[in-house]
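Enquirer: The structure's right below; bear with me while I get my questions together.
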2 protein chains.
Amino acid sequence: MTKQIHTPVERSPAENAQLALLLEVAGTPKPGNVDRHRDLSDLRFEQFLAGAVGSLAGFRLAASGGTIGEALRTGVQGMSNQSGGNTQFGCLLLLVPLITAATRDSLTPDGVKTIVSETTVSDSIDFYRSFEYVDVAVDDPPTDADALDVRRGAAAAETLRSRALTLYDIMELSANPDGNRTADGNAEEWTTGFSRSFRAAEQIATDSGPILDRAARAFLSLLAEKPDTLVAIKHGRDVASNVCDRAGAVGQDLGAAEALAAEFVEEGINPGTTADITAAALFIALERGVEV
Amino acid sequence: MTKQIHTPVERSPAENAQLALLLEVAGTPKPGNVDRHRDLSDLRFEQFLAGAVGSLAGFRLAASGGTIGEALRTGVQGMSNQSGGNTQFGCLLLLVPLITAATRDSLTPDGVKTIVSETTVSDSIDFYRSFEYVDVAVDDPPTDADALDVRRGAAAAETLRSRALTLYDIMELSANPDGNRTADGNAEEWTTGFSRSFRAAEQIATDSGPILDRAARAFLSLLAEKPDTLVAIKHGRDVASNVCDRAGAVGQDLGAAEALAAEFVEEGINPGTTADITAAALFIALERGVEV
C-alpha cells in the first residue's frame, strides 16, 4: 500500500480567502444572518456559495500584484453573478488588503496598515465602480458631499480626481463621518490596522472544536463588542446598541444563540458588518495555520 | 444613480464545477450524506467546503487543456488539503471530463464519450497516483488482478504500461467487473456517455424552486433508480437494493426524506456514488444556464 504518501499542497492566500467566505456563511448560529441553517426571505445560502466562487477572481488578482481597487472591483463583479444581490461586498473590502499583506509576507496590523495607506486615487475610482455591480446598503452622504455618495458609481470619478482622494482617504472619511452619520465598521478596520479582525482571529485560533463553531463564537464576541454598522443604518443606533446587549447576554453559548437567531430573523436584524469582520478573522486564522 | 449597469461575468466551466461541488454538499436532505444540515461522525460539512476550494486547481487545469489524468490528480491533491480525508474524489472523476467537454463546446453524451475514449495510459498512471493523496473506498480487486488494485497507487504504473491500459480501459474494467465484484457506478458513467448525469441534469433544469431543493430531489431520484456503489461495497448488495426501495418510497417528498436521512445516518448508510452523480448533474445544469 502506498496511500497518503504525499503531503497536500498548502492553500494559497487567495484560496484561504475563498474558504474564509465559505466558512463565514456556514458558521452557525450567526444571529440575524444567513448561515448553514438559515436563509433570509430575500437571500439564500447558495447565493453566498456562488458569491464565494465568483469572488476568487478578485482574490487571485490581489495575490498576483493587482491593485487593491482592481482586485476589489473584479471580486465584486464575480461575486454578483448570482440572483441574491449583495452577498459579500463588505467581506471583500476587508479581505483584499489582507490578501495583499499575506502575499507580501506582512499579515500583521502594521503590515496591512502600510498596504491600505499606499492606496491611490485610482483605487478609489475602482472602489466606486464596484458599486455598479450590486446594491450595497450605505448611509446617506452628508448633504454637502453628494458628489462622494458611493452610489454614484463611476460618476464620482471626477470628484475623486479633483480632490485627489485615495481609497484610504475615503475610508478615513467613512470611519470618521461628520454630523450624525454612522461610522462605517469596515472603514474603521482600514484605519486601525484591522484591529478587530486580528483580535477575532486570535480568538478563533485559541478556541477549540470545529471551525464552524469557532466562527459562530467569534461572530458573537464581535457582535457584543460594538454596534453593527448595517443594523445602525437600517434600524438606528438604539437598536444597534440593543443588539450588542442581547449578544452580550448570550456570551459564547451557541445554544442560547440559536434562540437569539430566531428573534433577529423575525425582527429583520441583519448584522452584516460583524459578518464581514468574521470573514476577515477566519482568513487570518487560516493563514496562521488553523485547520479545517 | 448608476447602480447595476454591468452584466456580471459568466462563470467559467471550472467555476461551475466548483460551484457544483458546493451545491451538492449543501443540498438537503440527501439521506445518508453530509449535507447543509448534517455531519457524519468522521466527516464534516466544512471539510467539503475546503475540498471544493482545493479542487479548483484541477478544474482549471482541465479547462486550460491539461490531460484528464493531470487534472484529476491535481484536483485530488488540492481536495485532500483538509482533515476529513476523501470528500469528493468520485465527484472529480466525473467532473473533470465534463469540464473538458464543456471547454470544447461539446457537453453532450457523445461529446464526453469522445473525450473519455481519448484517454491514454498516462491518464491511468495519474489516476492511480491520485489514490496516494486520500483513502478511497473501493471494492477488492479480483484475485488475479492485484497488480491493478487502485490502492497500489504509483506502484501500478508498470502494469498499466505493459498492458497498455488507458484510463477508459480501467473504467471499462470497473464498469464490467468479473466474478462477484460490484460494478462501479462512476465507471459506468464513463462508459455510457454519462447517461445518468445528463438525465439528472435535465431533472434539475426542469424542476422548480431553489437549486438546493432541486439538488436534493435529483439525489433522491438517482438513489431510487440504482443501487449505490459505495453502499454495496460497505454493506453488500442486498442493503444497497433495500436503500433503493426506501428512497423510492420517499419519492420527491423532501419532508419524508428528512426522516430517511435520520435513519441512514443511524445505520451508517452513505450513498457516495449517488452524490457524485448529483454533483455531475449540477455541473451540467449550471452550464445549461440554471441560475443560483
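Enquirer: In whole Å, what are the extents of the stretch A:103-159 along the principal axes defined by its C-alpha atoms, from largest to smallest?
Expert: Ordered largest first, the stretch A:103-159 gives principal extents of 39, 24, 23 Å.
Enquirer: What distance in nm separates the two pseudo spin-label positions at B:N180 and A:S41, each 7 Å out from Cα along the beta-carbon direction?
Expert: Computed distance between label sites B:N180 and A:S41 equals 6.0 nm.
Enquirer: Still on this structure, I have one more. Nearest 0.05, what FRET efficiency do B:L254 and A:D253 give at R0 = 41 Å with Cβ-Cβ as r?
Expert: The pair B:L254/A:D253 has a calculated efficiency of 0.85.
Enquirer: Rg/Rh for the stretch B:50-204: what does it come to with C-alpha atoms and Rh from Kirkwood?
Expert: Using only Cα positions, Rg/Rh for the stretch B:50-204 is 0.95.
Enquirer: So, one more: Determine, for A:T206, A:T274, A:T100, the number of other Cβ atoms within 10 Å of each Cβ, and report the residues in order from fewest to most.
Expert: The fewest-first ordering by Cβ neighbours comes to A:T206, A:T100, A:T274.
Enquirer: With springs connecting C-alpha atoms under 10 Å apart, model chain B as a Gaussian network and identify which of B:D184, B:D253, B:D213 has the largest mean-square fluctuation.
Expert: B:D253
Enquirer: Please report, for B:E263, the nm distances (one decimal) from its label point, 7 Å out from Cα along the beta-carbon direction, to the equivalent points in the remaining copies, shortest first.
Expert: Copy-to-copy label distances for B:E263: 4.0 nm.
Enquirer: Okay, moving on. Semi-axes, largest first, in whole Å: what does sqrt of 5 times each Cα gyration tensor eigenvalue give for the stretch B:141-181?
Expert: So the three semi-axes of the stretch B:141-181 are 16, 12, 8 Å.
Enquirer: List, largest first, the extents of the alpha carbons of the stretch A:34-113 along their principal axes, each in whole Å.
Expert: Per principal axis, max minus min of the Cα coordinates gives 40, 21, 14 Å.
Enquirer: Given 20 Å bins starting at zero, what is the percent of C-alpha pairs of the protein assembly as shown in each, up to the one with the largest pair distance?
Expert: For the protein assembly as shown, the pair-distance distribution reads 21, 52, 24, 3, 0.
Enquirer: I've got another one for you. Which of B:G236, B:G272, B:G185 moves most in a GNM of chain B, Cα contacts under 10 Å?
Expert: Comparing B:G236, B:G272, B:G185 in a Gaussian network model of chain B, the most mobile one is B:G236.
Enquirer: Compute, for chain B, the length of the dipole vector about the Cα centre, with Cβ point charges of +1 (Lys, Arg) and -1 (Asp, Glu) only. Units Debye, rounded to 20.
Expert: Working: 25 positive and 42 negative charges, 136 e Å.
It works out to roughly 660 debye.
Enquirer: Report, for A:R237, each distance to the same residue's label point in the other copies, shortest first and in nm; define the point 7 Å along Cα→Cβ.
Expert: Result for A:R237, in nm, nearest copy first: 7.4.
Enquirer: Report the semi-axes of the equivalent ellipsoid for chain A in whole Å, largest first, where each axis is √(5λ) for an eigenvalue λ of the Cα gyration tensor.
Expert: The equivalent ellipsoid of chain A has semi-axes of 28, 25, 17 Å.
Enquirer: Moving on to the next point. DSSP loop trypsin sites (Lys or Arg not before Pro) in the stretch B:31-132 with at most 15 other Cβ atoms within 10 Å of their Cβ, which ones? Please list the in-between numbers first.
Expert: On the way: sites: B:R36, B:R38, B:R44, B:R60, B:R73, B:R104, B:K113, B:R129; in loops: B:R36, B:R44, B:R104.
Taking the stretch B:31-132 and a limit of 15 other Cβ atoms within 10 Å, the loop trypsin sites (Lys or Arg not before Pro) found are B:R104.
Enquirer: Still on this structure: Between B:T114 and B:E266, what is the label-to-label distance in nm when each label sits 7 Å out along the Cα-to-Cβ direction?
Expert: With each label placed 7 Å out from Cα toward Cβ, I get 5.1 nm.
Enquirer: If one computes the Cα centroid of the stretch B:263-277 and of the stretch B:24-38, what distance in Å separates the two points?
Expert: Value for the Cα centre distance between the two parts: 10 Å.
Enquirer: Running a GNM on chain A with Cα contacts under 10 Å, which residue among A:I68, A:I99, A:I233 ends up with the highest mean-square fluctuation?
Expert: The residue that fluctuates most here is A:I233.
Enquirer: Hey, any idea what Rg/Rh is for the stretch B:21-75, computing Rh the Kirkwood way over Cα pairs?
Expert: Computed over Cα atoms, the ratio is 1.10.
Enquirer: B:H37 label points, 7 Å along Cα→Cβ, one per copy: pairwise distances from this copy to the rest in nm, shortest first?
Expert: For B:H37, the inter-copy label distances come out at 1.1 nm.
Bear in mind that the values in this text are calculations on the coordinates, not laboratory data. Since we're looking at a predicted model, the values are computed, not measured. Note that each Cβ is placed from the backbone with ideal geometry, even for glycine, and that neighbours are counted across all protein chains shown.
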